[in-house]
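Below is one structure; the comments refer to it alone.
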Amino acid sequence: MNLPAEQKPPRYVTCRCQHCNGHIEFDANEFTEDNSIVPCPHCSLETKIFIPVLQAENVSTELPSPVTTPNTVRFEGFFDGISEIKQERVSDVRPVASPQAATIIQPPVNSLPNSPKKLQRKATEAQLDYIRGLGGNPPPDLNISDASRLIEQLLQAPDLEEKKQAAREQKKHDAAEREQLPAYYLHQDYEEAKRAIETAERGEIKDAKMSLKDARDQRLWFWQDTFLSPCNMEGLVTEQSVRLYLEHGHRFKKPSEKRILAILETLDANSPTWDKDGTVSFYLTLEASFPELLKTEIDYEDLENDKEWLDFKFR
């Protein structure tokens, strides 16, 4: 069957991401300079796609799309406004248009894919999440280029579906545990934000510092709430924060931010998992350090009402 005159057969070409060197395949017939900036499906950073000179000169209607790998990621429908990215194995022979119709665009010299500085950037959060979703365990010092190669390796694993299922189960388990133990996981978020500053590049330091401040504030608000009745809590009311108030926090006046942060810093230095092993150490340290915060009178009637509220809310 002959295609209508206005419908050209697809002419697939492949270029590399300027950041992670991953393969990106697209239909050259739909390529224009206006839509040449796209998010890389490997590292999620914006990159400029282009039609390589060799592919434009050597393309043949009898040959498949050149420079494709079993896990090259193709943009399907991107040029008509659809941003969905589909992953598929490439092994069939595809018809291509005449080489005379090719547009030859060179990438900027200062952003060539093989730039050593680009390849040393640390892996993006999107890459790390994707690797974990494929059942992988990315090392903390993984860079953006190695992450892209690891993704391709994981996609070719024979037991890929089993690993993906195991990763989904682990993610579900972690989400349930995070809901039960927010004190511990807020601590881990804070430690991760501190490590991010140590490895951040010059242009990323400002965002990393903002993330650290946010992680510190979230953790501070949690512990502040453990000294307040549930109806007065200012942050996200969790079962653990209410239980800590009923068991320990109700005995104290609300400490200042400075004192709470001092207690947390002391306990963090002694053990990275103290808030998972036993949160009572926070209140013991607080009492020993600032005995003047202990209340002289406690309203046990209000406390009993708070217990009933907890049973109703989280039963």
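The values are calculated or read from the model by the stated rules, or taken from the named source; none is laboratory data. As the structure is a prediction and not an experimental result, all values here were calculated from the model. Cβ sites come from the backbone with ideal geometry, for glycine too, and all protein chains shown count toward neighbours.
I need the full set of residues from the stretch 263-272 which are farther than 16 Å from THR226 by Cα and surrounded by 11 or more Cβ atoms within 10 Å (Cβ to Cβ), in order please.
THR266, LEU267, ASP268, SER271, PRO272
Would you be able to say whether some residue in the stretch 221-230 is part of a loop (DSSP other than H, G, I, E, B) and touching an Asp or Glu at 6+ places or on another chain (Cβ under 8 Å)?
Yes; the residues of the stretch 221-230 include at least one that is part of a loop (DSSP other than H, G, I, E, B) and touching an Asp or Glu at 6+ places or on another chain (Cβ under 8 Å).
Any idea which residue in the stretch 203-230 is farthest from GLN188 (Cα to Cα), counting only those that are in contact (Cβ under 8 Å) with a residue 12 or more places away in the chain, out of contact with any Ser or Thr (no Cβ under 8 Å at 6 or more places or on another chain) and of a type in the set (A, V, I, L, M, F, W, C)?
The qualifying residue farthest from GLN188 (Cα to Cα) is LEU228.
For the stretch 292-315, give me each residue that is over 27 Å from TYR190 (Cα atoms) and modelled with pLDDT of 95 or more.
Hits for the stretch 292-315 are GLU292, LEU294.
Inside the stretch 275-305, can you point out the residues that are within 19 Å of PHE222 (Cα to Cα) and surrounded by fewer than 16 Cβ atoms within 10 Å (Cβ to Cβ)?
LYS276, ASP277, GLY278, VAL280, LEU284, GLU287
GLY203 fails exactly one of the following numbered conditions: (1) surrounded by fewer than 19 Cβ atoms within 10 Å (Cβ to Cβ); (2) within 20 Å of PRO272 (Cα to Cα). What is the number of that condition?
(2)
Matching residues to (1) β-branched (Val, Ile, Thr); (2) closer than 15 Å to CYS40 by Cβ; (3) modelled with pLDDT under 85:
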{"position": "GLU125", "(1), (2), (3)": "no, yes, yes"}
{"position": "GLY136", "(1), (2), (3)": "no, no, no"}
{"position": "ARG149", "(1), (2), (3)": "no, yes, no"}
{"position": "GLN153", "(1), (2), (3)": "no, no, no"}
{"position": "ASP159", "(1), (2), (3)": "no, no, no"}
{"position": "LYS163", "(1), (2), (3)": "no, no, yes"}
{"position": "LYS171", "(1), (2), (3)": "no, no, yes"}
